[in-house]
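Here's the structure, in structure tokens; my notes come after.
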Amino acid sequence: MNFRITLIISMLLACAPFARAQEDTFATRLLHEIAAEQAAADSFYYAGMFPSHRYYGSPRGKMKHDNNVFFTGLIAMTLGEMQDQFRGPDSALCRNIRTKACATFPNFRHKSGRSTYNFWKTNPSMVFPNSGFLNLFKKWHSLPDDIDDTSILLLAMEADSATARATKALMEQHANTVSYGIKNTFKKYRDIPAYSTWFGKSMPIDFDACVLANTLYFMHHYNMAGSRSDSATVQLLAGFIQHREYMTHPAYISPHYARSPVLIYHFARLIGRYPIPELAQHRAMLVADAQQLLAATTDDMDRVILSTALLWLGASAPEIDLQEVKTDGDFVFFVAGFNSLLPDFGKKTFSGYHLISYYYRCPAYNKVLLLQHHLLRTSLKA
């Protein structure tokens with residue numbers, strides 16, 4: 001009997017490294033696939049950027065390459081949060097991908113040199129690159145820098161605290177009610193002095209739930225979430241969640257992300273890392289809605305981000321065969337919707353309307369989301 005027990009234990013111990021090797025092999029494969037999609041030399045994309053595509057009118061509409069920094073920043077930021085989970089050559093590769101990505105960021109920085117960033121390159125400025133008709137807009141109006149790209153890129157490059165605090169001061173100068181107020185949100189939210197998406201004073205005040213979640217994530221990362229604007233932004237997000245407007249009006253409260261699974265992903269990421277009481281009290285409702293969407297979806301990547309959200313919220317999530325996930329399907333993470341610029345009636349009427357929307361995908365970022373889920377589930381099992 002003792003011999004049998006010893007034999008079984010020996011066999012289990014012998015298999016354990018193999019199991020770990022299998023997990024590491026999957027992560028390694030994904031990391032190498034991500035690296036292979038990074039631009040190696042300047043072309044339409046700067047060396048170090050990740051290609052992304054925009055589709056007009058529907059997720060299957062006409063495709064154009066779009067050299068925005070948004071997805072490259074997200075990849076660098078997300079890999080940075082996973083850096084410590086890699087070892088040896090994988091760790092070096094992860095750091096190399098991040099370094100190359102961050103080297104492209106100066107091309108998207110404000111022309112004055114201040115630490116705010118644009119969705120598209122700033123010198124010369126660009127609006128909807130690779131599009132003849134929409135490129136005409138750059139002659140009279142360029143897109144201002146925004147707090148979403150700025151938060152993501154500063155986190156990705158691990159900016160120093162002085163830079164973060166200087167940027168926060170600029171964000172507060174452009175918050176709702178400081179110079180003028182928002183016109184196109186629910187009336188109950190119009191007097192809340194939360195952050196606006198845009199730095200430009202010529203732009204309407206804009207509330208976007210995912211942008212605000214990313215901004216609070218940035219504030220908490222640098223331990224500087226305590227101002228009037230921060231408290232107001234928490235109040236606003238708490239209202240969106242409490243009234244379940246992320247389910248009933250996703251494109252109205254988040255014109256730049258627009259989809260319920262993506263909104264829940266952002267809320268869960270913030271709550272999972274920084275359990276802000278006003279938001280965390282709605283954890284059970286977010287879990288229930290994530291489960292409902294997960295049961296109904298047929299999109300592989302929606303299943304991945306909803307399952308990740310459930311794990312961040314402390315709930316269980318069904319196992320996913322990650323080897324079978326299609327990262328090149330119709331999944332949309334970001335939407336450029338002109339409805340955000342319209343007066344309230346127009347914004348409500350056209351929220352989610354395809355003919356005024358561009359749908360964005362980045363194949364490499366989808367693989368990063370897959371890698372994120374894999375490593376999160378692995379760490380919870382450890």
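Only one of these is hydroxyl-bearing (Ser, Thr, Tyr) and at pLDDT 95 or above: Thr308, Thr327. Name it. Break it down into steps so the answer makes sense when it comes.
Values: Thr327 fails: at pLDDT 95 or above.
After ruling out the rest, the residue left standing is Thr308.
Being open to solvent by less than 10 Å² (accessible area, probe 1.4 Å), touching a residue at least 24 places away in the same chain (Cβ under 8 Å) and assigned to a helix (DSSP H, G or I) narrows it down to one of Gly80, Gly73, so name that one.
Details: Gly80 fails: open to solvent by less than 10 Å² (accessible area, probe 1.4 Å).
Testing whether each residue is open to solvent by less than 10 Å² (accessible area, probe 1.4 Å), touching a residue at least 24 places away in the same chain (Cβ under 8 Å) and assigned to a helix (DSSP H, G or I) leaves just Gly73.
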*Restricted to the stretch 166-176, and to residues that are in contact (Cβ under 8 Å) with a residue 24 or more places away in the chain and surrounded by fewer than 21 Cβ atoms within 10 Å (Cβ to Cβ), which residue is nearest to Ser260 (Cα to Cα)?*
Glu172
*With respect to Phe218, is the statement that it is part of a helix (DSSP H, G or I), at pLDDT 95 or above and either farther than 10 Å from Leu236 by Cβ or of a type outside the set (A, V, I, L, M) (or both) true?*
yes
*Within the stretch 221-248, tally of residues that are assigned to a helix (DSSP H, G or I) and under 20 Å from the mean Cα position of the chain (by Cα)*: 12
*Exactly one of (1) open to solvent by less than 10 Å² (accessible area, probe 1.4 Å); (2) modelled with pLDDT under 95 is unmet by Val211. Its number?*
(2)
_Residue that is nearest to Leu153 (Cα to Cα) [pool: residues in the stretch 103-125 that are of a type outside the set (Ser, Thr, Tyr) and buried (at least 20 other Cβ atoms within 10 Å of the Cβ)]_ = Phe105
*Given the structure, is Thr25 open to solvent by 20 Å² or more (accessible area, probe 1.4 Å), in a helix (DSSP H, G or I), at pLDDT 95 or above and not basic (Lys, Arg)?*
no
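A quick yes/no check of all residues on (1) of a type in the set (Gly, Ala, Ser); (2) modelled with pLDDT under 95; (3) out of contact with any Lys or Arg (no Cβ under 7 Å at 6 or more places or on another chain):
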| residue | (1), (2), (3) |
| --- | --- |
| Ala284 | yes, no, yes |
| Val287 | no, no, yes |
| Gln291 | no, no, yes |
| Asp300 | no, no, no |
| Pro318 | no, yes, yes |
| Asp344 | no, yes, no |
| Cys362 | no, no, yes |
| Tyr365 | no, no, yes |
| Lys381 | no, yes, yes |
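Take the residues in the stretch 269-310 that are part of a helix (DSSP H, G or I) and among the charged types (D, E, K, R); name whichever of them is most open to solvent (accessible area, probe 1.4 Å).
Taking the stretch 269-310 first, the residues part of a helix (DSSP H, G or I) are 269-273, 277-280, 283-296, 300-310.
After this cut, where a residue has to be among the charged types (D, E, K, R) as well, the list is 269, 273, 278, 283, 289, 300, 302-303.
Values: Arg269: 20, Arg273: 116, Glu278: 88, Arg283: 74, Asp289: 8, Asp300: 35, Asp302: 14, Arg303: 72 Å².
Taking the candidates together, the pick is Arg273.
The values are calculated or read from the model by the stated rules, or taken from the named source; none is laboratory data. Not measured: the values here are computed from a predicted model. Here Cβ is always computed from backbone atoms with ideal geometry, including for glycine, and neighbour counts include all displayed protein chains. These accessible areas exclude ligands, DNA and RNA; they are computed on the full protein's heavy atoms, side chains included. Shrake-Rupley method; radii C 1.70, N 1.55, O 1.52, S 1.80 Å.
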